[in-house]
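Here is the structure we will look at, set down as structure tokens.
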There are 2 protein chains.
Amino acid sequence: MSAEKIAATLEADIVSGVLRPGEDLKQGEIAARFSVSRIPVRDALQLMAARGLIDLERNRRARVIDLSPSEIDEVYHLRGLLETDCLRQAIRQLEADDLVKIEAALAHSNIDAATDRWADGDWAFHKSLYAPAKRPRELSMVEDLRRTCRIHIAGYGVLPTLTDKWLKDHENLVAAMRSRAEDRAVDILARHLADARETLLAAMPG
Amino acid sequence: MSAEKIAATLEADIVSGVLRPGEDLKQGEIAARFSVSRIPVRDALQLMAARGLIDLERNRRARVIDLSPSEIDEVYHLRGLLETDCLRQAIRQLEADDLVKIEAALAHSNIDAATDRWADGDWAFHKSLYAPAKRPRELSMVEDLRRTCRIHIAGYGVLPTLTDKWLKDHENLVAAMRSRAEDRAVDILARHLADARETLLAAMPG
DNA sequence: AAATGTATAAATGTATACATTTTGGAGGAT
DNA sequence: ATCCTCCAAAATGTATACATTTATACATTT
């Protein structure tokens, strides 16, 4: 088992909430779990730190990230900035087959919505919205920020109570894109993000 | 010599242009240079990859990042988005002693401008502009993006020909901040970045 | 000459053993 | 009780040795 696979497995545990924010990760325990020495485990932890999943400090145990409400706030601000920019650029460069892919992602995410994979479907949908912008680096930064939120959502057991509203938001987003209504689309997305931010912050302690 | 120090030394080599974009980094050679085994070198390389200094692929040699013009373009776009946002937020929350620090950074950067540390002074100045926004994560993202540009600027031997204009831009930025002229400040910064983008792209090959 | 295949050298990945640092708790002082 | 100090146990950091993969040079073919 290589570092990448160890990192991928641990990432799945973190984004699913099995490992919660602030929880310790001991090299020895992980090494035993995957039946390897601590060397590939160390590599895996560094990979995870690079993706923003854990905090690493020399000589200290690795810990699942655990952001304060004000840090979460900054993350949502950054998401607003980057995601609305991606959306604008996407609309400006939108082509026919992009809409086909978006419709497909929407349908798929509606199916996932009721399952425990709703977050995957949600991201796949939003990614399909932003893809026409052709901004790989920006998209990857958005993915990192979303993952950060998702870790806390899963860790604090946030229930997606507003599912129906969010699904309707998605429909409206697609409609706005189809008619190239840039400002309207951005407005829907901004509210969508504000809702998500509120829901998460309400579930957080401090 | 620990992983952090090795990484810091190699980072200095990269941002100064001693190690240029696309250049190989072999674990064995680095280990010999710092008289350590390859284990801490591997850690150092992972740290550098996390900061975006090098590309790492399993079983392959590490390489200094080497972006295409279109990737550089995206980086400058992101810088524009994030840096102008930091600037706006900074102006809205600006307090008296912030301006004192900004003036100090400006004076210091004017001294550095003629030396080989001009990039350090430039970043210290811009950081002092953005600091009042109190957005640590956003600031750190800006720092990463700037470092990416700097690596290519150093590697392609870009000469700061427009030094005088840039120093004047800095003066004008401070003036705009002092009078809380948000839009004017953002406009100056946007042009400042556009100039830097042009200068770098002109020096790049493909 | 260009392209393909192959062998050997060289580089990276991992396990084990040991050094160094942190951690968590026992015991005593305030 | 609460806060120290100190020590043993446990965790992390590093060196060495070996396994695995990649890369370079060279021969072969088209």
Work from the charge dipole of the protein assembly as shown (Cβ charges, +1 for Lys and Arg, -1 for Asp and Glu, about the Cα centre) and give the residue of B:A7, B:M141, B:L162 farthest towards its positive end. B:A7
Return the distance in nm (one decimal) between the two label points of a simple spin-label model at A:V36 and A:D195, each offset 7 Å from Cα along Cα→Cβ. 4.1
So what does the Cα-only Debye profile of the protein assembly as shown read at q = 0.07, 0.08, 0.12 Å⁻¹, as log10 I(q)/I(0), no solvent term? -0.38, -0.50, -1.14
Taking only Cα atoms, what is the 0 to 90° angle, nearest 10, from helix B:38-50's long axis to the longest principal axis of chain B? 30
When the accessible area of each residue in the stretch A:64-83 is compared between its chain alone and the complete protein assembly (1.4 Å probe; ligands, DNA and RNA ignored), which residues differ by at least 10 Å², being lower in the assembly? A:L67, A:E74, A:V75, A:H77, A:L78, A:L81, A:L82
Lysine pairs, Cα distance under 25 Å, 8 or more residues apart or cross-chain: how many in the protein assembly as shown? 18
Spatial extent of chain B: Rg and Dmax, with the Cα atoms as the point set, Å: 18.2, 56
Please give the helix A:69-92 orientation as an angle from the longest Cα principal axis of chain A, in degrees from 0 to 90, rounded to the nearest 10. 40
First measure r as the distance between the Cβ atoms of A:A96 and A:R117, then evaluate 1/(1 + (r/R0)^6) with R0 = 41 Å and state the FRET efficiency to the nearest 0.05. 0.90
Interface residues of the stretch B:126-173, defined as losing at least 30 Å² of accessible area versus the chain alone with a 1.4 Å probe, are B:R135, B:R137, B:M141
B:I65's amide H: which non-local residues (gap 5+, or another chain) put their own amide H closer than 5 Å, with H modeled 1.01 Å from N in plane and none for Pro or chain starts? B:G22, B:I54, B:D55
Over the protein assembly as shown, with the other protein chains present, what is the accessible area per residue in square angstrom, probe 1.4 angstrom? 48
Work from the charge dipole of the protein assembly as shown (Cβ charges, +1 for Lys and Arg, -1 for Asp and Glu, about the Cα centre) and give the residue of A:L53, A:H108, B:L94 farthest towards its positive end. A:L53
On the principal axes of its Cα set, how long, how wide and how thick is the stretch B:105-196? Give whole Å, largest value first. 36, 30, 23
Per-residue HN-Hα couplings for the stretch B:28-33, Karplus 6.51 cos²θ - 1.76 cosθ + 1.60 at θ = phi - 60°, whole Hz, x for Gly and Pro? x, 5, 5, 4, 5, 4
How large is the charge dipole for chain A, taken about the Cα centre, if only the Cβ atoms of Lys, Arg (+1) and Asp, Glu (-1) carry charge, to the nearest 20 debye? 500
How far apart are the B:Y156 label points across copies, placing each 7 Å from Cα toward Cβ, in nm, shortest first? 4.4
Report the relative contact order of chain B, percent, no decimals, based on alpha-carbon pairs under 8 angstrom and at least 6 residues apart. 26
Expected vector for the stretch B:147-156, Karplus 3J(HN,Hα) from phi with 6.51, -1.76, 1.60 and θ = phi - 60°, integer Hz, x for Gly and Pro, equals 4, 4, 5, 4, 4, 6, 4, 5, x, 8
Span from the the stretch A:146-194 Cα centroid across to the the stretch B:1-34 one, whole angstrom: 43
Nearest 100 Å² is fine: what is the total accessible surface buried where chains B and A meet, probe 1.4 Å? 2300
May I ask you to give the average projected area over all directions of the convex hull of the Cα atoms of the stretch B:3-64, in nm² rounded to one decimal? 3.6
Inter-copy distances for B:A107, label 7 Å out on the Cα-Cβ vector, sorted ascending, nm, one decimal, are 6.8
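The values are calculated or read from the model by the stated rules, or taken from the named source; none is laboratory data. All of these numbers come straight from a predicted model, not from anything done at the bench. Note that each Cβ is placed from the backbone with ideal geometry, even for glycine, and that neighbours are counted across all protein chains shown. Just the protein is used for accessible areas: all its heavy atoms, side chains included, with ligands, DNA and RNA removed. Shrake-Rupley method; radii C 1.70, N 1.55, O 1.52, S 1.80 Å.
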